[in-house]
1. Quick one: how many residues across the range A:77-119 are of a type in the set (Gly, Ala, Ser), free of Cβ contacts under 8 Å to residues at least 40 places away in the same chain and not in a loop (DSSP other than H, G, I, E, B)?
2. If you check B:Asp99 against the conditions, is it surrounded by fewer than 16 Cβ atoms within 10 Å (Cβ to Cβ) and acidic (Asp, Glu)?
3. Return the total of residues in the range B:97-127 being touching a strand residue (DSSP E or B) at 6+ places or on another chain (Cβ under 9 Å) and either of a type in the set (A, V, I, L, M, F, W, C) or more than 9 Å from chain A (Cβ to nearest Cβ) (or both).
4. Run down A:Val66, A:Val124 and say which single residue is farther than 27 Å from B:Trp127 by Cα, of a type in the set (A, V, I, L, M) and more than 12 Å from the chain's Cα centre (by Cα).
5. Please go through the range A:40-58 and give me each residue that is within 16 Å of A:Trp23 (Cβ to Cβ) and either outside any strand (DSSP E or B) or in contact with a Cys (Cβ under 8 Å, 6 or more places away or on another chain) (or both), ordered by number.
6. Kindly provide the set of residues from the range A:1-39 that are part of a loop (DSSP other than H, G, I, E, B) and over 14 Å from the mean Cα position of the chain (by Cα), ordered by number.
7. Quick one: would you say A:His88 is over 25 Å from B:Ile69 (Cβ atoms) and either out of contact with any Leu (no Cβ under 9 Å at 6 or more places or on another chain) or modelled with pLDDT of 95 or more (or both)?
Protein chains: 2
Amino acid sequence: MDETASTRSTIEAYVTCAERRDWEGFGALLAEDVVYEMPQSRERIRGKPAYLQFNRDYPGDWHLEVRRIVADGRHAAAWIDARVGTEHQDACVWFELSDQGLISRITDYWPEPYDPPPGREHLVERW
Amino acid sequence: MDETASTRSTIEAYVTCAERRDWEGFGALLAEDVVYEMPQSRERIRGKPAYLQFNRDYPGDWHLEVRRIVADGRHAAAWIDARVGTEHQDACVWFELSDQGLISRITDYWPEPYDPPPGREHLVERW
């Protein structure tokens, strides 16, 4: 398996383990010094123990489904459909992997709905 | 050049041409039936002419810089730093390319800042 295939498989496992609440499997994918960032709220979590706790404690009966994973050497991006009850939100997650193939950096975006600005109605359709 | 390298180069050119307002070069990267979607506002633009006009007419002295491009076969994701004046916003853009290597589908997310929810202060640092 080449580096890209191995990265893709690691990111697939990251989502699967989170969805299954398999925190042992999830932790095995992470570097000890993993850094997790949410640029929208300017929050950063450092280290595997804190990041595992953040995920274990995350409130709500959340579920994750991969919409797409794009892997490229030691980089990857995951487009995820996150659901809590009937509420859906898409996430865009950027990953970096270490020399050892462990996830060393995660940057997580949670885009929220907004109203379209005026002036482009003639070019767009809505759904 | 393999498919992934060709995809990566196409997405690099997409950002470069947009930044340069090189609409001829930009249009040459797009499939005639390109579909552009912004899920946050549930807006969709169909076809190269409308999508070119949308970009040409986009208001403000905007500038784009690639933070990362991840390419994987005919899929790619671009993490972009968009700037208007001193205002920065990150974009997460998902691409699909056609058999001919033209961009056939673009899904564009513009995550906005939000305040962190309470309850995780013990795990996070802010910046």
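1. Restricting attention to the range A:77-119, the residues satisfying the condition of being of a type in the set (Gly, Ala, Ser) are A:77-78, A:82, A:85, A:91, A:98, A:101, A:104, A:119.
Imposing the further condition that a residue be free of Cβ contacts under 8 Å to residues at least 40 places away in the same chain reduces the set to A:77, A:82, A:85, A:91, A:119.
Of the ones still in play, those that are also not in a loop (DSSP other than H, G, I, E, B) are A:77, A:82, A:91.
Counting residues in the range A:77-119 that are of a type in the set (Gly, Ala, Ser), free of Cβ contacts under 8 Å to residues at least 40 places away in the same chain and not in a loop (DSSP other than H, G, I, E, B) gives 3.
2. yes
3. The number of residues fulfilling the criteria is 13.
4. Of A:Val66, A:Val124, the one residue that is farther than 27 Å from B:Trp127 by Cα, of a type in the set (A, V, I, L, M) and more than 12 Å from the chain's Cα centre (by Cα) is A:Val124.
5. Filtering the range A:40-58 down to residues within 16 Å of A:Trp23 (Cβ to Cβ) leaves A:45, A:47-58.
Listed by number, the residues that qualify are A:Gly47, A:Lys48, A:Pro49, A:Ala50, A:Tyr51, A:Leu52, A:Gln53, A:Phe54, A:Asn55, A:Arg56, A:Asp57, A:Tyr58.
6. Quick first cut of the range A:1-39, residues part of a loop (DSSP other than H, G, I, E, B) only: A:1-2, A:21-22, A:29, A:39.
Hits for the range A:1-39 are A:Met1, A:Asp2, A:Arg21, A:Asp22.
7. The answer is yes for A:His88.
Condition check ((1) surrounded by 19 or more Cβ atoms within 10 Å (Cβ to Cβ); (2) free of Cβ contacts under 8 Å to residues at least 24 places away in the same chain; (3) farther than 19 Å from B:Tyr109 by Cα; (4) within 11 Å of chain B (Cβ to nearest Cβ)) across all residues:
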{"residue": "A:Tyr14", "(1), (2), (3), (4)": "yes, no, yes, no"}
{"residue": "A:Pro39", "(1), (2), (3), (4)": "no, no, no, yes"}
{"residue": "A:Trp62", "(1), (2), (3), (4)": "no, yes, yes, no"}
{"residue": "A:His75", "(1), (2), (3), (4)": "yes, no, yes, yes"}
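The values are calculated or read from the model by the stated rules, or taken from the named source; none is laboratory data. What you see is a predicted model, and the numbers here were worked out from it, not measured in a lab. As a convention, Cβ positions derive from the backbone with ideal geometry for all residues, glycine included, and neighbour counts pool all protein chains shown.
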